[in-house]
1. For region A:617-730, what is the percent of antiparallel DSSP beta bridges, rounded to the nearest 5?
2. Using amide H atoms built 1.01 Å from N in the peptide plane, name the residues 5+ places from A:Tyr217, or on other chains, whose amide H lies under 5 Å from its own.
3. If R₀ is 45 angstrom, what is the calculated FRET efficiency for the pair B:Ala14 and A:Ala185, using the beta carbon separation as r and rounding to 0.05?
4. Taking all pairs of different Cα atoms in the protein assembly as shown, averaging 1/r and flipping that mean, what Kirkwood radius in angstroms comes out?
5. With θ set to phi - 60° and the Karplus curve 6.51 cos²θ - 1.76 cosθ + 1.60, what are the ³J(HN,Hα) couplings of region A:227-241 in order, to the nearest whole Hz, using x for Gly and Pro?
6. With the solvent-accessible surface defined on protein heavy atoms using a 1.4 Å probe, which residues belonging to region B:35-79 display a reduction of at least 10 Å² in accessible area in the multichain context relative to the isolated chain?
7. Going 7 Å from the Cα of A:Val316 in the Cα-to-Cβ direction, what parts of region A:478-503 have a backbone nitrogen less than 19 Å from that spot?
8. Using θ = phi - 60° and the Karplus relation 6.51 cos²θ - 1.76 cosθ + 1.60, list the HN-Hα couplings for region A:421-437 in order, rounded to whole Hz, with x at every Gly or Pro.
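The values are calculated or read from the model by the stated rules, or taken from the named source; none is laboratory data. Being a predicted model, the structure only gives us computed values, none of them experimental. With ideal geometry, Cβ positions are generated from the backbone for all residues, glycine too; neighbour counts draw on all protein chains shown. SASA here: full protein model, heavy atoms, side chains in, ligands and nucleic acids out. Shrake-Rupley method; radii C 1.70, N 1.55, O 1.52, S 1.80 Å.
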Amino acid sequence: MENIVRNISIDRRKFLINSGWLAAGLTVLTSCKGVFAVLPTTANPEIEDGLSWVQLMPDGRIRFLCPRMEMGQGAPLGLSQIVAEELNLEQSQIECVSPASNQSPPFKMTVGSESIALFSEPVSRGAANLREHLRQQAARETALPIGQLKDATGGFDAVGRFIGYGELVPAEVTLLMPEQNDTVAQYFYTRAEARRIVGKSWRSPDLENIVTGKTIYSRDVSLPGMLYGDVIRPPRFDATLVDAKDIGAEAMPGVEAVVIDTSNSLLGVVAKSPLLLADALKRIEPVWRFGNSTASADELEVTRYRARDDFEHTLVDEGNSAANDVISVRSVSANYTTSYMAHAAMEPRAAVAWVTEENVKIWCGCQDPYFIRGRIAALLERDEEEVVVHPLRMGGGFGGRILSQPAEEAALLSARVGRPVGVQWDRETEFQHNYFQPKFSHAIDSGLDAKGKIAYWRHDFVSSPIIFGLVPRGLAPILDTFIADKGTARGARMPYQVGQQRVRYSDIRTEVPTGAWRGLGAAPNTFAIESMMDELAFAIGEDPLTFRLAHLAGAGGHMEPLATVLRRVGDVSGWGRSTPKNRGRGVACAIYKGQTHVAVVADVAIDHGERQVKVLRLWCVQNCGLVVNPDQVENQVLGNLMWGCGMALEEKLTISDGIANERNFDGYNILRHNEAPEAVIKLVKTARAKPLAVGEAAFAPAVAAIANAAFAASGKRPRALPFDYDSLYA
Amino acid sequence: MIDLNGNTVRVEKALYDLSLLDFIRDHALLKGTKYGCGQGLCGACTVHLDGAAQRACQLSMSEVLGRNVTTIEGLSALTDGDGLHPVQQAWITEAVPQCGYCQPGQLMTAAALLSENPVPNDADIRAGMNGNICRCGTYDRIRRAVARAARET
Ligand code: FES
Ligand code: FES
């Protein structure tokens, strides 16, 4: 295997130089793919992409340019462990950095719980290639047959002599270009039963910085000579800036610029101190135009669409669809709704932009730095190559940071003044001016046959586009005509064996901006499905867990993994034991993105004295394939379970007069310490499997399990989320 | 004048109306104390004022003149040794943080809670920590870490 390429293209050399690669060192890399400027970066990583992310540094340490953004999910740590597994490294021998947009070819946006599931393979291959190349180098230098160079921590054992990677660093910058389809052993796979690092709970090197307050988030960036900017944002979703009048802002001491840019609908000020901004903005009078042709949020009612039998997309139509022929001895129909919800990440977004003649520099936390780069290049009419995005750790993402609006605002303001400008959203802006999780309106009709099996299942629902929620207004009508939004439908295909099944939906674009939010449609859709499963079980007096298992049997056993987590959650929670009065247990399960199997049991109490519904405890069993870092995965599952409590009992954003009503944590409630239940989390161990989705998987069944437990405790079925004591007993 | 993490810091008259949070972040340039809501609703901005947990966004500079302010950057100095404060150590051992943004506030609240009540039970911890929101949902681990810090000091 001779695979060093010395004549590298300018393009590839550029990424290396940008990542500090000036003298000696070795890296492996290949193809960089282009992306569309105005759409999020969606191409899946190719196996070869991994080669550009792993570098041997002159001091013998390994630098991993992590192609995943950190927002608390811990993916960079897990992927670092995979690099370390391949290269036999101690944690101190690897440095994981988040590359600026000019330090790595574009990589897919960080979404969809796929950071480990999708990137473990290319990362492992890149690292494995580097290791084998170094082994060859060591063989050459020692004149030993390659088989005599055994793996050792941070290098090789050459018949008793240790050769560290540091001794193998070439004198000049070297790139490695492996052959197509090489057969290098990837320990991540081949060591299945004997992995040394994958499967261990490495602690993130960021922990110490976090607990000492040293971690830098977007809000914490400060550059010498930095100015501060803020913007008057539209008073309604449908407002467009037509004109504006400066009635004294520019004249204020300390104000550097007033920017009235109707073509970009931006109205802002730049000042020496952030404290001047609010006053300055009061001295600008905007003129807005209101109205566009999109539907009102009130139209998202499934009954309207059923009345016209009008659904845009049919997700499933299986079995004999002549519905009236189906024999059922017991039918159940119900409608379920979920609310608009906000991401409410603890860090309100912020960004710094510095626009000069030569280039544009952006510092911001974002899930897709290449999308931000493309949007800012288009906004400023600059070449994409001139724009560099420095991504920072995010104080929570949850799908809400595909866009970085403050980066765009700061860029337009900085373009005017030529100095760095920081824009920081306050909490009110964060609640009102991002995009949201759409509300969902479901109707399910189902019927049971004489044996207690589901004869038919007809599920219709209406919501808004999620994956395509962010497309530019001009493009939306075309897309909406031709594309069924898979994000809206996520989780809507239920896992059970039924006689006949039909699932239809419409994704209606309304006045309310909608987009990615943790798990996309999974939690709303699972809530409806798993509530109906519960209703059916109770309709015939069957145990809800047994009822589910009965509908997972057969069909070639392909639902056995789901049945397994269900049975296990039954075991660990002591399912079936009687509960005291006003207490109840509920169960729910789901398959996330067709891969991760999760079952949750909730224990809920009704407190009539305090008029409260309380989640006392949650048990969760999850099979997410190979677990790279159990502690990180458990922390993610914990977060998902807490989100389940929040969505079930707290979270609701309301819209009136074309804008969100909630502005802070007093109107929009998220779960707090005293409401947070204990959680028991069990991961199914599967050494030979691949890693699967984690970051959003347990959320959906948690919501439904809580609703089902509330029914068991109260005899009242929560069909609209969020619910509370008063709505339950209304 | 205030005492900020053991240093005497002058406060100009013009800044008396400023919130302590803005002063800490934009004048003292200590960025560890976080803005989360600006209205006393989330606890991200928690600091110690004469040893007690307070929300920096709800205090004006004129109210804190002459007082001792400790931020997350000064927390470890409250211990005898030169290592981390026991709550910081426990937070690392329990690997509490996800995104980490709420954690400086959580730690400051926890440290003040433990100095008032060195052996809190579960209900004490829940009540004491209730003002600090964690959107990532690390509550269970926070409680474990507070209990560990209590045990290990
Ligand atoms: S920022 Fe002070 S309590 Fe939220
Ligand atoms: S760790 Fe993210 S908000 Fe608490």
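1. Details: 3 of 9 bridges.
If we restrict to bridges inside region A:617-730, about 35 percent are antiparallel.
2. none
3. Calculated value: 0.10.
4. On the way: mean 1/r = 0.0347 Å⁻¹.
Hydrodynamic radius (Kirkwood, Cα pairs) of the protein assembly as shown is 28.8 Å.
5. Result, rounded to whole Hz: 9, 10, x, 8, 9, 7, 9, x, x, 9, 4, 9, 8, 10, 6.
6. By number: B:Tyr35, B:Gly36, B:Cys37, B:Gln39, B:Leu41, B:Cys42, B:Ile72, B:Glu73.
7. Taking a point 7 Å out along Cα→Cβ of A:Val316, the residues of region A:478-503 whose backbone N falls under 19 Å are A:484-503.
8. With coefficients 6.51, -1.76 and 1.60, one gets 10, x, 10, 10, 6, 8, 4, 4, 5, 4, 6, 9, 10, 9, 9, 10, 6 Hz.
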